[in-house]
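The values are calculated or read from the model by the stated rules, or taken from the named source; none is laboratory data. As the structure is a prediction and not an experimental result, all values here were calculated from the model. All Cβ positions, even for glycine, are placed from backbone atoms using ideal geometry, and neighbour counts span all protein chains on display.
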Amino acid sequence: PIQCCQTVQSAGSLLSLPDIASILPPVDPTVLVGVRCTPLTIVGLGGDSCSEQPVCCTDTSFGGVISVGCTPVNLN
């Protein structure tokens, strides 16, 4: 599912943040990780908007705190 994340960074850059590093699963440091993500359910219908970074992530099982394996999405 497409999500809107406050921040999208490589896993390696997030390891210096204790709050995130403590819940980050073991992943390749180059994998993109979204932080503070919320789902976008109605893309293009005016119901949802994303002023941050829209991404599609492979692992969203961390309750929106982090999402792993993210790829940026162009909503235009």
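What to note about this one:
- Output for the stretch 1-21, where each listed residue is loosely packed, with under 14 Cβ neighbours inside 10 Å and closer than 15 Å to P72 by Cα: P1, Q6
- Members of the stretch 15-48 that are hydrophobic (A, V, I, L, M, F, W, C), closer than 10 Å to I66 by Cβ and modelled with pLDDT under 85: I20, I23, L24
- The stretch 4-14, residues that are over 12 Å from S67 (Cβ atoms) and of a type in the set (S, T, Y): S10, S13
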